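Notes follow the structure.
The values are calculated or read from the model by the stated rules, or taken from the named source; none is laboratory data. All values reported here derive from a predicted model rather than from experimental measurement. Please note: Cβ atoms are built from the backbone with ideal geometry, for glycine as well, and neighbour counts cover all protein chains shown.
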Amino acid sequence: MVINNGEDQLKAVVWGVLTAWMLSNIAWADSNKPVVLSSIMPLQLIVQDVGGDAISAELLAPATVSPHDFQLRPSDAQRVHSADLVIWIGPVLETYLDKLLRKQENAVALYPDLKHDEDPHLWMDAEEVQSIARRVARLLSDRLPSRGAYFHANAARFSSEFRQYDKQLREEIGRRERRPYLLLHDGFSRFENHYGLPAGEMVISGSDRLPGARHIVELRKRLQAEEFACVFREPQYAPAMLKALTVGLEIPVIEIDPLGARSVAGAKEGADGFLELYRQLGQAFLTCFDH
């Protein structure tokens, strides 16, 4: 009995030492993961989906702020310089990064040649989403070749799940009457074109200027005439303007979140990642057409 107790104690000590050694190695490995800094939440979600536990996927601009309004702080510039890899859409969208990243060797613009008259919200284009995932897998593989197969497998899984939802959403939209709707700004043309939706009416012009009083009065009259199935609001913009437009009217106001501000928890917890953001976009339109 005494011998057995001694053996048990010895085993416990050995197991404790081994466990401590393994945990210390895991902690060391985590601290040495490549840091991949994405300019916006949709890119970070895709990077996290593809990179998995082999990288540290970080976000530069918070999803609660439009890329058109974000301003870099000195601490943000430092994060850009210290990251192993910086991924951004390109100067048409993130104008605040153009000068900083022009000579930054660790930065990759996914769409550097995008024209100013093209919609820069590429993550709302179903075809481009899959292209971005494949591009991210290649970028990560170049920097961490030992995990290349892992990255490409994750990208393939991501694309398979995304295509499945894309097909489902096409079918659901096809079964509904697609009535006109009112959007805050013109960042949804790629999504609309892909699913055959009517182009939404805009409150704010493409240059993100505040709308004129005449435009507001005209939209208010059209809302009163029930021309629109719904009005979409975005968490990145103050609600005062839409409240002024819709006050006293029986019109559904539906939140749509193109940057994934509501997906922050999912990004940290490894939920559905980018697909969760895209499902939210699809569900917002379906809800609008159901009214």
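Counting only residues that are touching a residue at least 60 places away in the same chain (Cβ under 8 Å) and under 20 Å from the mean Cα position of the chain (by Cα), which one in the stretch 163-182 is surrounded by the fewest Cβ atoms within 10 Å (Cβ to Cβ)?
Tyr165
Taking the stretch 205-246 as the search range and keeping residues that are within 31 Å of the chain's Cα centre (by Cα) and among the β-branched types (Val, Ile, Thr), which one is surrounded by the most Cβ atoms within 10 Å (Cβ to Cβ)?
Val231
Please go through the stretch 53-84 and give me each residue that is acidic (Asp, Glu), closer than 28 Å to Arg147 by Cα and in a helix (DSSP H, G or I), ordered by number. Spell out the reasoning first.
Residues of the stretch 53-84 that are acidic (Asp, Glu), as a first pass: 53, 58, 69, 76, 84.
From what is left, the residues that are closer than 28 Å to Arg147 by Cα are 53, 58, 84.
The one that is acidic (Asp, Glu), closer than 28 Å to Arg147 by Cα and in a helix (DSSP H, G or I): Asp53.
List pairs: first in the stretch 197-213 and modelled with pLDDT of 80 or more, second acidic (Asp, Glu) and surrounded by 13 or more Cβ atoms within 10 Å (Cβ to Cβ), Cβ under 6 Å, 6+ apart or cross-chain?
Here the result reads Ala199/Glu192; Met202/Asp186, each pair linking the stretch 197-213 to a residue that is acidic (Asp, Glu) and surrounded by 13 or more Cβ atoms within 10 Å (Cβ to Cβ).
Counting just the residues of the stretch 37-52 that are part of a helix (DSSP H, G or I) and not aliphatic (A, V, I, L, M), which one comes out nearest to the chain's Cα centre (by Cα)? Spell out how you get there, then give the answer.
Initial filter on the stretch 37-52 (part of a helix (DSSP H, G or I)): 41-52.
Keeping just the survivors that are not aliphatic (A, V, I, L, M) gives 42, 44, 48-49, 51-52.
Values: Pro42: 1, Gln44: 6, Gln48: 10, Asp49: 11, Gly51: 15, Gly52: 16 Å.
Top of the filtered list is Pro42.
Given the options Phe151, Phe188, Phe162, name the one that is of a type in the set (Phe, Trp, Tyr), closer than 30 Å to Ala57 by Cα and either at pLDDT below 95 or touching a strand residue (DSSP E or B) at 6+ places or on another chain (Cβ under 9 Å) (or both).
Details: Phe151 fails: either at pLDDT below 95 or touching a strand residue (DSSP E or B) at 6+ places or on another chain (Cβ under 9 Å) (or both); Phe162 fails: either at pLDDT below 95 or touching a strand residue (DSSP E or B) at 6+ places or on another chain (Cβ under 9 Å) (or both).
Criteria check complete, one pass: Phe188.
Looking at the stretch 47-58, I want the residues that are not assigned by TED's automatic domain parsing to the domain that holds Phe151 and have a partner that is among the β-branched types (Val, Ile, Thr) and surrounded by fewer than 17 Cβ atoms within 10 Å (Cβ to Cβ) with Cβ atoms under 6 Å, at least 6 apart or on another chain. Which pairs are those?
none
Looking at (1) under 20 Å from Asp257 (Cα atoms); (2) under 15 Å from the mean Cα position of the chain (by Cα), which is the only condition Asp119 fails?
Tallying (1) under 20 Å from Asp257 (Cα atoms); (2) under 15 Å from the mean Cα position of the chain (by Cα), Asp119 fails exactly one: (2).
Any chance you could count how many residues in the stretch 224-240 are out of contact with any strand residue (DSSP E or B) (no Cβ under 7 Å at 6 or more places or on another chain) and in contact (Cβ under 8 Å) with a residue 40 or more places away in the chain? Steps first, answer last, please.
Here is the first cut: in the stretch 224-240, the residues out of contact with any strand residue (DSSP E or B) (no Cβ under 7 Å at 6 or more places or on another chain) are 224-227, 229, 234, 236-238, 240.
Subset that is in contact (Cβ under 8 Å) with a residue 40 or more places away in the chain: 227, 229, 234, 236-237.
Of the residues in the stretch 224-240, 5 are out of contact with any strand residue (DSSP E or B) (no Cβ under 7 Å at 6 or more places or on another chain) and in contact (Cβ under 8 Å) with a residue 40 or more places away in the chain.
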